[in-house]
Structure formats: structure tokens, C-alpha cells
Amino acid sequence: MILDTAYMITAFVTLLVVIDPIAIAPIFLALTGGMTKAQRARIAGRAVIVAGLLLALFAFFGEAVLGFVGISMPAFRVAGGVLLFLTALDMLFERRTKRREDQTTDQDPEHADDPSVFPLAIPLVAGPGAIASVILLVGEKPGGEGLIAVLGITAVILLIMYIMLRISSYLEHALGKVAINVITRVLGMLLAALSVQFVLDGLSAFGFGPAVG
């Protein structure tokens, strides 16, 4: 089974940009303020595992669920592309980070000591954008190829996420807020272009524009 290199690169960039480990690292620091390194390690590991299980669930059954409710893959591709484009706009204008920070302050005080499941795993890591991306990317390569590729790439991205969370305190001091903002905007531009491509692919399946190979 030979996987298309362009597809692999697109899938990796899409999931890396949507999940965005660099942007979540400072939020992780805020959520785990005053905790020991061991406590932070446990929370980071739990958050990554829960997010990975959720994304894997949608990778396996997302398209089946869409078919059950009568939504075609091209229609979902258009809707997912629009959702990812809105996410890209949020990244470009800093609204995404602000909303994520707001979500951390809205959590139930009873669960404030363990933010691994909420809000870290859901919705900060495995949010609507990540879920939509997984379903879209699996649908791009039917026959199991897309599933294998997306599961593998998701595992790599989540490993990067875990490493970033573990070194988040050093990362924030090393890069600074200005560098993190610049990186976020560059990734936002890439995501905007990828989201437009998703929309074009979906429209082409309905006969609008040239067919995309």
C-alpha cells in the first residue's frame, strides 16, 4: 500500500495547524499553575490519551455517522472547509487564543484541579476543527489508506503535543509571546488555504468547477 506523499503532507499540516500544540502550551501552563512537574506530566498524558481516543473514534466511525444521518461526504467537505476557514480567521486575528483562554476560566471549580479531560482534551485539543479535519482527511482516501494515514499522523501530532506540554514552561520563556503570535498567524494562513481547497474539492463533486484528482 503506497500512500500519496502530497496527501501525507496535507494531512500532517492540516492536523498540526488545527490542533496547534504551540498555542495550547501557554494555556496548559495557566491551567496547571502551582502544580508539580509530576502532576503536570500526568495531566498532559491523560489529556493527550483522551483526545487521541476521541479523534480515533471519529476517524473510524465519522463517515458512517454522516451516512446514517444522510450527509454526503462532499457536503461535509464543504461544511468542514468553511469551519476550518473560520478557525483560520480566528488564528489570524487572535480570537482563537482568547476564546481558548475564556474556556479555561469557564470550567467547573470542582474539576479545576484536573483539567486534563475538560478543557484540555475537549475542546482544546480534540475540538470541532480537529474532528472535522479527521473525518475529511479519512474521506479523501477510501479503502483504508486514509484511515491508516490519519491515525498515524494524529499519533505523531499528539506526541508533539505531549512534548510541547512537558516543555511548555521553557518554550514560553524561549520564544516569547511575540514569536508565538507570529507562528500562529503563519499557521493561520496555511490553514486558510487548505480550508479553501476542501471547499473547492467538495464543490467539484457537485459539478461546480473542474474535477479534482
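The values are calculated or read from the model by the stated rules, or taken from the named source; none is laboratory data. All figures in this text were calculated on a predicted structure; none of them were measured in a lab. Cβ placement follows ideal geometry from the backbone for every residue including glycine, while neighbour counts extend to all protein chains displayed.
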### Message
Being farther than 16 Å from I160 by Cβ and without any contact (Cβ under 8 Å) to a residue 12 or more places away in the chain is the filter here; which residues of segment 1-41 pass it?
### Response
I2, T5, A6, G33, G34, M35, T36, K37, A38, Q39
### Task
Determine whether segment 165-174 contains at least one residue that is at pLDDT 90 or above and not hydrophobic (A, V, I, L, M, F, W, C).
yes
## Note on the structure
All conditions in (1) within 12 Å of L55 (Cα to Cα); (2) surrounded by fewer than 24 Cβ atoms within 10 Å (Cβ to Cβ); (3) in contact (Cβ under 8 Å) with a residue 24 or more places away in the chain are true of T154 except (2)
### Message
When you scan segment 158-166, do you find a residue that is among the aromatic types (F, W, Y) and under 26 Å from V50 (Cα atoms), even just one?
### Response
yes
### Query
Which of (1) in contact with a helix residue (DSSP H, G or I) (Cβ under 9 Å, 6 or more places away or on another chain); (2) under 24 Å from G81 (Cβ atoms); (3) among the aliphatic types (A, V, I, L, M) is the odd one out, the single condition V186 does not satisfy?
(1)
### Message
Pairs please, first residue from segment 181-198 and without any contact (Cβ under 8 Å) to a residue 60 or more places away in the chain, second anywhere and in a helix (DSSP H, G or I) and of a type in the set (A, V, I, L, M), Cβ atoms under 9 Å, 6+ apart in sequence or on different chains.
### Response
A193/A88
### Query
Going by the conditions given, is P142 of a type outside the set (S, T, Y), outside any helix (DSSP H, G or I) and either within 23 Å of L200 (Cβ to Cβ) or in contact (Cβ under 8 Å) with a residue 60 or more places away in the chain (or both)?
yes
#### Entry: Check on P74, touching a helix residue (DSSP H, G or I) at 6+ places or on another chain (Cβ under 7 Å), surrounded by fewer than 20 Cβ atoms within 10 Å (Cβ to Cβ) and either among the polar types (S, T, N, Q) or modelled with pLDDT under 85 (or both)
no
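In segment 1-22, which residues are surrounded by fewer than 22 Cβ atoms within 10 Å (Cβ to Cβ) and in a helix (DSSP H, G or I)?
Within segment 1-22, the subset surrounded by fewer than 22 Cβ atoms within 10 Å (Cβ to Cβ) is 1-10, 12-13, 16, 21-22.
Within segment 1-22, T5, A6, Y7, M8, I9, T10, F12, V13, L16, P21, I22 qualify.
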### Query
Restricting attention to segment 27-39, which residues are part of a helix (DSSP H, G or I) and surrounded by fewer than 19 Cβ atoms within 10 Å (Cβ to Cβ)?
L29, A30, K37, A38, Q39
### Query
Any idea how many residues of segment 21-66 are within 14 Å of V138 (Cα to Cα) and at pLDDT 85 or above?
10
